[in-house]
1. Between B:Asp53 and A:Lys358, how many nm apart are label points set 7 Å from Cα along the C-beta direction?
2. Please list, ordered by chain and number, the residues whose modelled amide H lies under 5 Å from the amide H of A:Gln366; skip anything fewer than 5 residues away on the same chain.
3. Evaluate the distance, in nm, between pseudo-label points positioned 7 Å from the Cα of A:Leu30 and of B:Thr38 along their respective Cα→Cβ axes.
4. Give the separation of the Cα centroids, segment A:351-408 to segment A:71-136, in Å.
5. Using Cα pairs under 8 angstrom and six or more residues apart, how large is the relative contact order of segment A:190-358, in percent?
6. Show me, bin by bin at 5 Å from 0, the whole-percent P(r) of segment A:1-159 based on Cα pairs.
7. Could you state the per residue volume, in Å³, of the convex hull enclosing the Cα atoms of segment B:82-152?
8. How much length is gained if the chain between B:Arg103 and B:Leu146 is pulled fully straight, taking 0.36 nm per residue apart and subtracting their Cα-Cα distance, in nm to one decimal?
Amino acid sequence: MKKTGADIFVESLRHEGVKTVFGLPGGVVLKIFDVLCQQKDIELVLTRHEQGAAHMAEGYAKATGEPGVVLVTSGPGMTNIVTGLADAYMDSVPLVAFTGQVSTNLIGNDAFQEADNVGISRPCTKHNVLVKDVNELAQTIKEAFYIAMSGRPGPVLVDIPKDVSTEKAEFRYPDKINLRGYNPTISGNKHQIKQAAEEIMKAKKPMIYVGGGAVFSDAADEIRELAEMTQIPVTMTLMGLGSFPGTHPLALGMLGMHGGYWTNMAMHYSDLLIAVGARFDDRVTGKLSEFCPEARVVHIDIDPTSIKKTFHAHIPIVGDVKAVLRQMNVMLRAMDGNVSEVKALRAPWLKQIGEWKKAHPLTYKQDSKITKPQFVIERLFELTKHNAIVATDVGQHQMFAAQYFKGTKPRTWLTSGGLGTMGFGFPAALGAQKAFPEKLVLCITSEGSFQMNLQEMATAVEHKLPVKIVLLNNGFHGMVRQWQDLFYEGRYSASYLGKLPDFVKLAEAYNILGLRAEKPGEVESVLKEGLKHKGPVLMDIYTDPYENCYPMIPAGGAHHEMMLEDPPELTQAKKGGSHKRKVDEGEGVLPA
Amino acid sequence: MEHIISVLVENKFGVLARVAGLFSARGYNIESLSVAPTLDPTTSMITIVTAGDDRIIEQIMKQLNKVVEVLKVVDLTETDFLDRETALIKVHTKPEHRDEAIRIADIFRAKIVDSSPTTYTIEITGDVDKVEALINLLRPLGIRELIRTGRIAIARENTRTTSPRREPALFKT
């Protein structure tokens with residue numbers, strides 16, 4: 001029997017096991033939405049903005065490891081998801097985005113709500129296709145899901161013209177993909193892996209540096225086995241957090257621009273770097289010419305373009321991280337035999353790192369007047385223990401969360417790393433909550449980021465998504481303010497957010513519980529009450545507007561040249577009030 | 001250093017844009033580009049002349065391979081290869097230069113494919129040195145218009161015994 005394109009679309013999604021679609025309707029996708037509302041297998045989450053849909057799908061995909069699915073209309077519907085696509089492309093998130101397109105006979109005519117969806121999305125998708133014939137729709141959808149999920153995952157866009165969704169074709173879901181130019185390498189080269197294993201056995205100061213690839217590849221067990229067997233400390237990138245327990249004795253936390261002092265020192269003085277699904281981003285490496293100057297480099301990645309892109313690799317291994325580490329662990333087990341020997345070999349190195357950590361641990365001073373953001377994160381971590389999924393936005397609060405929220409499981413840390421998208425956190429938290437309705441999902445955000453997608457509070461209420469929003473309200477684009485303090489003599493150009501809404505009232509307007517902690521003494525009770533609440537909550541927590549995030553490698557600096565605290569002139573300026581501080585000029589940083 | 005890269009792709013729309021977009025997005029240079037279907041009408045061959053150090057060329061090869069519709073990438077510069085380019089050169093000829101233009105064309109075995117009282121259009125096919133040499137000789141006569149196809153290239157088959165041919169670096173099979 002022949003089916004319409006819209007029916008084929010829904011049937012195909014069913015075959016792919018899709019349960020949830022995030023989207024927003026419009027003229028050219030009405031037929032698809034009409035079919036969607038007449039079935040029960042696939043649930044549509046109606047978002048209030050298409051950007052919200054894209055980030056929710058990202059949150060869903062990051063938390064589950066399954067592809068996130070987006071359905072939006074042509075023109076503005078599509079352009080509104082571009083940020084989400086670019087974010088997913090940077091962070092290798094498997095998304096399949098379906099966009100409506102004007103009818104094929106109108107394409108190129110500047111028709112109403114027409115945009116060159118394929119052209120616009122080309123540089124920010126792994127692959128994209130305009131479906132011109134309804135007979136090709138099912139095959140295209142199958143391939144879109146395959147491409148999004150295989151190799152280095154990424155977003156795929158399928159553009160469906162209106163007439164393709166209404167015309168009819170014979171439907172049979174294809175069982176084969178037909179992509180002769182696409183064949184990701186999974187298992188690594190044995191010879192290379194053996195070489196790496198030999199280097200590992202003789203290295204005195206090795207480091208494992210884990211990126212987001214390890215999370216998508218589900219390699220947490222393999223990493224743990226490797227680290228424990230060979231006694232090698234593990235550092236994680238912002239994207240890699242959770243792939244190794246943050247509380248493990250061998251865990252060194254995050255590295256890079258706001259990484260721990262001990263972590264970055266260990267990187268700098270290491271003699272062997274084992275990069276696992278990481279891509280040597282500039283926020284990680286700092287000054288490339290002085291990055292890990294003494295280290296031999298083993299680089300394992302499924303994407304050949306990541307290897308030797310910015311940094312050299314002595315032993316490149318192309319393959320799936322999990323598969324390669326399994327191969328490597330087998331070899332190491334066979335070579336090893338004597339665990340105590342390895343332990344003895346590594347002992348001085350681990351001792352040295354311990355000394356660095358003792359000398360300069362993460363630190364802040366909580367007083368009775370104003371809440372420090374670190375304090376909130378630390379309390380939140382203590383109160384939720386290891387059972388929360390955490391989504392963050394972008395900025396200071398994100399770095400504090402990365403430093404102080406020591407996640408232990410992969411896929412429980414959802415953040416925008418590569419693109420650094422403010423507004424990502426809240427919808428991503430909702431997407432994760434949709435996938436796991438029973439789990440505790442936190443959104444750690446700030447007043448700047450939250451205002452970029454706050455409209456999704458309506459989605460949270462409609463779909464009963466009890467996300468706990470912890471809003472660190474410092475009245476500034478905090479990271480911008482920090483850089484202005486450090487590098488622009490404290491001139492706060494456009495970083496001050498003076499006219500803030502009353503977030504408690506705002507939450508209440510959406511029928512969400514709003515709580516506020518103005519003083520440090522109120523933080524504990526607000527967090528406890530918020531976490532206990534059954535529905536969504538917004539906790540507006542006033543934090544120190546002038547707290548800076550340390551350690552910090554200034555842009556272009558090397559790993560051993562960290563700033564550990566405010567430079568003396570800044571401390572002086574803060575004390576003496578010579579600093580340009582709006583808060584002192586009568587405007588007040590926090591809402592009255 | 002200059003490299004000639006052959007990129008075998010699916011003959012579908014949008015593929016050229018993806019390949020070209022990859023170069024512009026990453027700041028790689030395209031000196032010339034030519035595209036046409038191959039013997040198999042479902043595939044096209046894109047020949048790209050580009051330049052860069054080893055690291056950049058390695059990235060270009062990898063990035064090209066990453067494109068879903070790219071079937072095979074070969075850096076011909078690493079093999080023994082033939083390259084050809086065609087140019088159409090419209091020469092403005094004063095009466096006293098008309099013989100000279102014909103003589104120059106003859107020397108290069110170029111063809112005069114169009115003639116008017118004040119112009120000759122000369123067609124030349126050859127490797128890049130030959131084409132450029134002809135252009136340089138015609139320049140003093142006055143070139144009104146110059147169109148070049150960009151280079152196409154193909155690996156040589158191994159017929160000589162003196163220089164054993166290296167296998168082209170195939171990235172995808």
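Derivation of every value follows stated rules applied to the coordinates shown; laboratory data play no part. Predicted model only: the values in this text are computed from it and were never measured. Neighbour counts run over all protein chains shown; Cβ positions are idealised from the backbone, glycine included.
1. 4.4
2. It is none; the list stays empty.
3. 4.7
4. So the two Cα centres are separated by 39 Å.
5. With pairs under 8 Å counted, the relative contact order is 27 percent.
6. For segment A:1-159, the binned pair fractions read 2, 10, 21, 25, 23, 14, 5, 1, 0 percent.
7. In segment B:82-152, the Cα convex hull volume per residue is 69 Å³.
8. 13.6 nm
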